[in-house]
Protein chains: 2
Amino acid sequence: MKKPEINSIEIARLAGVSRSTVSRVINQYPNVPATTREKVMRVIEKYQYVPNLSAQIMAGKNMRTIGLFMISSGLVSSDLLTNMLITCVIESASLRGYYVLTHIIRNTRDQEELRVVKETFHQKRIDGGIFIGAANYEPLIEEMIMEGYRVGIVDQNLPGSDEANRIVINFDNSRGMQQGLDYLVGLNHRDIAFISGDPLRCAGPEKYEGFLHGMAAHGLVVHNEWIISADFSEEGGYLATAEWLKTVDKLPTAIFAVNDSAAFGALHALGEKGLKVPEDISLLGFDDHILSSRIQPALSTIRIDFSSMMDKLTETLIESIEHGLNRPSRFVVGTELVARDSCKAL
Amino acid sequence: MKKPEINSIEIARLAGVSRSTVSRVINQYPNVPATTREKVMRVIEKYQYVPNLSAQIMAGKNMRTIGLFMISSGLVSSDLLTNMLITCVIESASLRGYYVLTHIIRNTRDQEELRVVKETFHQKRIDGGIFIGAANYEPLIEEMIMEGYRVGIVDQNLPGSDEANRIVINFDNSRGMQQGLDYLVGLNHRDIAFISGDPLRCAGPEKYEGFLHGMAAHGLVVHNEWIISADFSEEGGYLATAEWLKTVDKLPTAIFAVNDSAAFGALHALGEKGLKVPEDISLLGFDDHILSSRIQPALSTIRIDFSSMMDKLTETLIESIEHGLNRPSRFVVGTELVARDSCKAL
DNA sequence: CTGAAAGCGCTTACAG
DNA sequence: CTGAAAGCGCTTACAG
């Protein structure tokens, strides 16, 4: 049933050369005369010979595969942004002739899950891995880096950690927060609340700091009462905002959410309280989630170009796999204000 | 830098047994006494030994990886439904200890793309593959099946093709169309238009047939003028509907779209013409796209449980890889009406 | 119950 | 420019 597998010995015999020469042709070594090369190529084409991958790996070649690890407790299939990041990486890798092994990590404390992930590296199923959604300090990632595996990380800031096999990409959180606050202040808002994110992730504290700085830069005071603690998720944004609405004395005129998902949740909670956006209160997000332009009201936000961000990360990882990198790689991607309908001028 | 790789010879030496025995322990052969097993396991644990995957493959084991091939011309990362299907498969496979290699096929006529896909099978990178979005008859898929590879296919109906290595899953298009028409007729609609899908895909003609049957069952006439040819995409639905609106004499009271994406496009085109849904015209979709409940007006539709559908397909494929299947596998998943706000009673 | 040995299919120094 | 041979690390009949 299966196509009768042909191997390099057979090809060599049919072409009247040795396996060494077949291998040299396959691997495009320069020291093969054109005539020999063509002779061998003809046989290869004729029999549609494809070298056995496992044998190549055992002889020291690359797998041409990268691992993609999404750390996420919820059901990933329902998170649009996560889904998009996955396909971005796949497309980018595919463009460069690489395959992507995707794995979803539900719980980074689950030993069995960790074992599977580590095994992926140890078995050499992959030449390197990309981690998305991890805490700023994640033991699993640090272990893989210590062991020398090449790792790409989205959203991490670990001062002093600049191993050559660590590739990090961040968005410019402080500039993004600044842009958002400039926009809100430009609309004459002075009473601004902030929905914060998971403090364990890198972007959480960074955005919070950015908020404090931006407010200070505009000479505005930050009311503790107007700091709403959430966790980047829609549900978290909803619950935190609903809770906050029960106790808050005086409402701000605007809410700056740590990301769009949290803003969706807040929108929901505000709606339940009968508060209209932007008539009663303005709402600004961060990310430019795929849904943001489609919800009612269309959400104003700070856009991050996730697509080119993941492309850059994937490209750099593959480059480091193929050519080796001896310098640490860090990138910061820009942000951009997208004004839609969720913020009104006072 | 890299962890000093330890191999089975070393483990055998440290445990005072032969490699054969180590292998027997690893592979959980029954004929190893508990004491020997434990002795070996202790060494394995101590050195965190993981067998080399490529060596295992060469010795005849499974890769424990399935390929996922998305056939899609557009930028997949922007298609929510596609993204969701990808993560469904990943989650399902992961649950069973399998890895997923995802690949996006832009153009099934591009020889280079085809070569890469076939290579994935030939190199034995994967133990089987799942194809989504292919034409009903896709030479690439047929070739892989002919060569004996195990293949899972979403949405295919090829009479007489029932090789044991072909696993097919379909949604119940005719029943779904029937449910939709029952609903519309129940709302007293009699003038019903249909936006059709890509005729090369399996679901295209099936839904069209279903529409014709359903209309006949209700004693309603199908006006040629009210058959709008599109292709399952939002853009296609938009363009076809916009064009149709320019020429149509008398408007129907309802439009049944071949899927939700097409319905989104139609909604857009209707809006541009100043036609309100459902006030001026009712609109019914098919799929229950992730956005359907969130758009304005929330789209009534025929739901397919994509998640359990992909889970079933993945499960069956993995089962067939591990235990072999000698009977062809075909599944049909049910449909369910979800009434929201886009259809009004007359 | 267990070990020695063959076999899987490549790549790459090495020697010429 | 090219071939013979070693080496990669497993599994599994085979023999005992």
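The values are calculated or read from the model by the stated rules, or taken from the named source; none is laboratory data. Computed from a prediction, not measured in an experiment: that's the story for all the values here. In this analysis, Cβ positions are derived from the backbone assuming ideal geometry, glycine residues included, and neighbour counts consider all displayed protein chains. What goes into the accessible areas is simple: the full protein's heavy atoms, side chains included, and nothing from ligands, DNA or RNA. Shrake-Rupley method; radii C 1.70, N 1.55, O 1.52, S 1.80 Å.
What to note about this one:
- Think of each Lys and Arg Cβ as +1 and each Asp and Glu Cβ as -1; about the Cα centre, that makes the dipole of chain A roughly 1840 debye.
- Amide H contacts of A:Leu337: A:Arg303, each under 5 Å away and 5 or more positions distant or on a separate chain (H built 1.01 Å from N in the peptide plane; Pro and chain starts excluded).
- Take each residue of peptide A:91-97, count the partner chain Cβ atoms within 10 Å of its Cβ, and average: the result is 3.
- Whole-angstrom Cα spans of region A:8-58 along principal axes, big to small: 29, 23, 16
- Computed from protein heavy atoms with a 1.4 Å probe, the total accessible area buried between A and B is close to 4900 Å².
- For a straight C-alpha distance cut-off of 19 angstrom, the lysines reachable from B:Lys46 (same-chain residues fewer than eight places away being disregarded) are A:Lys118, B:Lys2, B:Lys3.
- Interchain or long-range residues, amide H under 5 Å from A:His103's placed H: A:Leu68, A:Phe69, A:Met70
- Taking packing as the residue-averaged number of other Cβ atoms within 10 angstrom, the listed peptides B:305-317, B:282-294 run from highest to lowest as B:282-294, B:305-317.
- When chain B is treated as a Gaussian network with alpha carbon springs shorter than 10 Å, the biggest mean-square fluctuation among B:Gly219, B:Gly236, B:Gly197 belongs to B:Gly219.
- Cα-based radius of gyration of region A:264-346 once divided by 2.2 N^0.38 Å, which approximates compact folds: 1.56
- Heavy-atom accessible area per residue - the protein assembly as shown, 1.4 Å, Å²: 43
- Signed unit charges on C-beta, dipole axis of the protein assembly as shown, positive-most listed residue B:Val333, A:Ser92, A:Leu283: A:Ser92
- Residues along region B:1-42 losing 30 Å² or more of accessible surface when the other protein chains are present rather than the chain by itself (probe 1.4 Å): B:Met1, B:Lys2, B:Lys3, B:Glu5
- For region A:249-260, backbone phi angles converted through the Karplus equation (6.51, -1.76, 1.60; θ = phi - 60°) give residue-by-residue couplings of 6, 10, 7, x, 8, 8, 10, 9, 9, 4, 7, 5 Hz, Gly and Pro being listed as x.
- Whole-percent pair-distance distribution, where bins are 20 Å wide, for the alpha carbons of chain B: 27, 44, 20, 8, 0
- Highest average packing first - B:38-44, A:80-86, B:156-162, A:258-264, Cβ atoms within 10 Å: A:258-264, A:80-86, B:38-44, B:156-162
- Over the C-alpha atoms of region B:173-304, the Rg to Rh ratio, Rh being the Kirkwood estimate, stands at 0.92.
- Label 7 Å beyond Cα on the Cβ vector: A:Gln111 copy-to-copy distances, nm: 5.5
- Centroid-to-centroid separation of region B:268-283 and region B:36-107 [C-alpha atoms, Å]: 46
- Here region B:103-239 is treated as a Stokes sphere of Kirkwood radius computed over C-alpha pairs; at 25 °C and 0.890 mPa s its diffusion coefficient rounds to 144 µm²/s.
- For the protein assembly as shown, the Cα-based Rg and Dmax, in that order, read 28.3, 88 Å.
- GNM top mover of B:Glu319, B:Glu45, B:Glu209 - chain B, alpha-carbon springs below 10 Å: B:Glu45
- Shielding by other protein chains, B:290-297, mean Cβ within 10 Å: 3
- Using a 7 Å Cα-to-Cβ projection, A:Pro159 label spacings across copies, nm, ascending: 7.4
- Of A:Lys124/A:Lys312; A:Lys61/A:Lys124; A:Lys250/A:Lys276; B:Lys246/B:Lys344; A:Lys273/B:Lys344, pairs whose Cα-Cα distance is over 20 Å: A:Lys124/A:Lys312; B:Lys246/B:Lys344; A:Lys273/B:Lys344
- For chain A, with +1 on Lys and Arg beta carbons and -1 on Asp and Glu, the positive-most of A:Gly197, A:Thr241, A:Met144 along the dipole: A:Met144
- For A:Ile153, the amide hydrogen comes within under 5 Å of the amide hydrogens of A:Phe131, A:Ile167, A:Val168, A:Ile169, counting only partners 5 or more places away or on other chains and with H modelled in the peptide plane.
- Within 10 Å of the Cβ of each residue in A:54-63, the mean number of Cβ atoms contributed by other protein chains is 4.
- The charge dipole of the protein assembly as shown, taken about its Cα centre with unit charges on the Cβ atoms of Lys, Arg (+1), Asp and Glu (-1) only, comes to about 2780 debye.
- The charge dipole of region A:173-304, taken about its Cα centre with unit charges on the Cβ atoms of Lys, Arg (+1), Asp and Glu (-1) only, comes to about 240 debye.
- Here the protein assembly as shown has 50 percent of its accessible surface on carbon and sulfur atoms, given a 1.4 Å probe and all protein chains in place.
- Largest-first principal axis extents of the Cα set of region B:1-127 (Å): 58, 35, 27
- Pseudo-label separations to other copies for B:Lys46 - Cα-to-Cβ vector, 7 Å, nm: 5.6
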